[in-house]
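What follows is a set of notes on a single structure, which appears directly below.
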Amino acid sequence: MGSEEGPCYVIKRWKRDFTHKPPHEQFNFLNEALSLHLPVTRPVGWGTDHSGRSILATDYGGQPVNSPSDQELAVFAFALAKIHKAPIQSIQLQAPKNNQVFLEELLENQFPGLDSQHDILRIMKYLRKNIPAEHFSLIHGDYNLGNLLLKDDRLAVIDWTTSRIGDYRYDLAWSGFLLWIYRNEHSRTVFLESYQRVREITMDSQEYAFFELLAAVRWILIRRQFPVGGTLEKAYEFVNARLLEAGCEKSRLLH
């Protein structure tokens, strides 16, 4: 259904073999998020289509911004900070015991084909030995420009299938790395500085580098197997520079 101003609703269809966070769970989650005034689209229904595929219907949230201005990047950072400040006791998601468990859950669910990538496995061995203390919050899991929609200057965040309770620094690092690899250092810097300013925090640089490494090697792992754009060599430089700063040059990625 649509109008002269654009569609009224959007229908998301699940892949047949995709079982993570089925539509009824995402429907309930979006209603919970709305009650907390988080920037999500309103869910209107869920079920199956004529072919038996699971579907979720929501209000139309707008269009993504492929080349955001500094002001828009600040808006995106403010929205992520609001998500991270949501009271997790009001959200029906299970929190991991600690960051060790959180890391293992990430590796299992979001690092496809990890066992075949020996240079990345070396980095994972280093990361497992240097896990910082957890700072848990609600996280989106894939906060990128394609999932941020604007309509009449109103922001809506979509695709919550990887949302969970986890360390907010991973969410921030993943977003920042994607801005860096697909945009530039300036976009990443504006986003990160805006986030820290709105939350009135200063992150420990060594601990944050842990999550930057985790985010970057996840992207490299995906990029090696799927055509997601971006330059591997640029990502290798990002990872190797942080490994060098950490005194772990022997785990550097191969070019």
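Bear in mind these aren't lab numbers, they're just calculated from the coordinates by the rules spelled out. Here the structure is a predicted model, which means the values were calculated and not measured. As a convention, Cβ positions derive from the backbone with ideal geometry for all residues, glycine included, and neighbour counts pool all protein chains shown.
Please report His135, His84, His118 as a ranked list, fewest other C-beta atoms within 10 angstrom at the top and most at the bottom.
His118, His135, His84
Separation of the stretch 52-115 and the stretch 142-205 by C-alpha centroid, Å?
Using only Cα atoms to place each centre, the spacing works out to 9 Å.
Given Cα pairs under 8 Å that are at least 6 residues apart, what percent is the relative contact order of the stretch 1-135?
On the way: 108 pairs, mean separation 27.4, N = 135.
Worked out over the stretch 1-135, it gives 20 percent.
Below 8 Å, C-alpha to C-alpha, sequence gap of six or more: please give me the relative contact order for the stretch 2-59 in percent.
The normalised contact order for the stretch 2-59 reaches 42 percent.
Can you sort Phe102, Phe78 so the residue with the fewest Cβ neighbours within 10 Å comes first?
If I rank by nearby Cβ atoms, fewest first, I get Phe78, Phe102.
Return one number: the angle in degrees, 0 to 90 and rounded to the nearest 10, between the long axis of the Cα atoms of helix 70-84 and the longest principal axis of the Cα atoms of the chain.
90 degrees
Could you identify which residue out of Val157, Val75, Val198 has the top mean-square fluctuation in a GNM of the chain using Cα springs shorter than 10 Å?
Of the options given, Val198 has the highest mean-square fluctuation.
For the stretch 40-170, what is the convex hull (Cα atoms) projected area averaged across all directions, in square nanometres?
Taking a quarter of the hull surface, the average projection is 11.0 nm².
Tell me the relative contact order for the chain as a rounded percent, counting alpha carbon contacts under 8 Å between residues six or more apart.
19 percent
Between the helical axis of 168-182 and the dominant principal axis of the chain, each derived from Cα atoms, what acute angle in degrees is found, rounded to the nearest 10?
90 degrees
I need the trypsin sites (Lys or Arg not before Pro) found in the stretch 83-185, filtered to DSSP loop residues with at most 13 other beta carbons within 10 Å of theirs.
Sites meeting the loop and neighbour criteria: Lys97, Lys129.
Within a 10 angstrom radius of the beta carbon, how do Val10, Val228 rank from fewest other beta carbons to most?
Placing the least packed residue first, the sequence is Val228, Val10.
From the P(r) of the chain, can you give the percent of Cα pairs sitting at distances over 22 Å?
Working: 18604 of 32385 pairs.
The calculated P(r) of the chain puts 57 percent of pairs beyond 22 Å.
Note the angle between two axes, namely the Cα long axis of helix 23-35 and the longest principal axis of the Cα atoms of the chain, as a number of degrees from 0 to 90, rounded to the nearest 10.
Helix 23-35 and the main axis of the chain meet at about 90 degrees.
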